[in-house]
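Enquirer: Below you will find the structure I want to go over with you.
The values are calculated or read from the model by the stated rules, or taken from the named source; none is laboratory data. Owing to the predicted nature of the structure, the values given are computational and were not obtained by experimental measurement. Virtual Cβ from ideal backbone geometry, glycine too; neighbours counted across all protein chains shown. Only protein heavy atoms, including side chains, enter the accessible area calculation; ligands, DNA and RNA are left aside. Shrake-Rupley method; radii C 1.70, N 1.55, O 1.52, S 1.80 Å.
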Amino acid sequence: MTPNKLFMSLAIFCTAFMLQSAHAEQTLSAVAAPNQFIIQLPVVDREVLAEQISVLRSQLIQRKQALIQVIADNELDSSDAVIMTIVPGGLLYAGYKKATCEQAKNDLANVSADIEEFSSDLLTMQSASAVIARLH
């Protein structure tokens, strides 16, 4: 075996071993599917998942605030009208500014939808955790 083949074989073996070790720590729970087959799903730590959703939601709220500022900065006003008429290339400037504003508005709509979805997910996680806590 050449040294390159030996190194590649060793690298593949180590990668497979690390992946197996990473997945070995996960515990599985049996779930009966609607067709009565039993499948095993990894157990999810609801508290950690809720914390991750909360962090992502707060990051999206910060992104939403930044997009609102971008929209406010790039809306066309009377000073832009003067620039468009006096300065050569003013129409290009106005077009770029309007395109930036429209892109920010589209991004804002997507971010707002994502925030609503994360908020709904958090409520669902919290209510499910409360039900599970009552059962124990």
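Enquirer: Name the single residue that is farthest from LEU108 (Cα to Cα) among those in region 68-84 being part of a helix (DSSP H, G or I) and of a type in the set (Asp, Glu).
Expert: ASP80
Enquirer: Any chance you could count how many residues in region 96-112 are open to solvent by less than 90 Å² (accessible area, probe 1.4 Å) and either of a type in the set (Lys, Arg) or modelled with pLDDT under 90 (or both)?
Expert: Adding up the residues that qualify gives 2.
Enquirer: Limited to region 55-81, what total is found for residues that are within 16 Å of the chain's Cα centre (by Cα) and open to solvent by less than 90 Å² (accessible area, probe 1.4 Å)?
Expert: The number of residues fulfilling the criteria is 7.
Enquirer: Would you confirm, using the coordinates I've provided, whether ILE115 is surrounded by 11 or more Cβ atoms within 10 Å (Cβ to Cβ) and β-branched (Val, Ile, Thr)?
Expert: Against the criterion (surrounded by 11 or more Cβ atoms within 10 Å (Cβ to Cβ) and β-branched (Val, Ile, Thr)), ILE115 qualifies.
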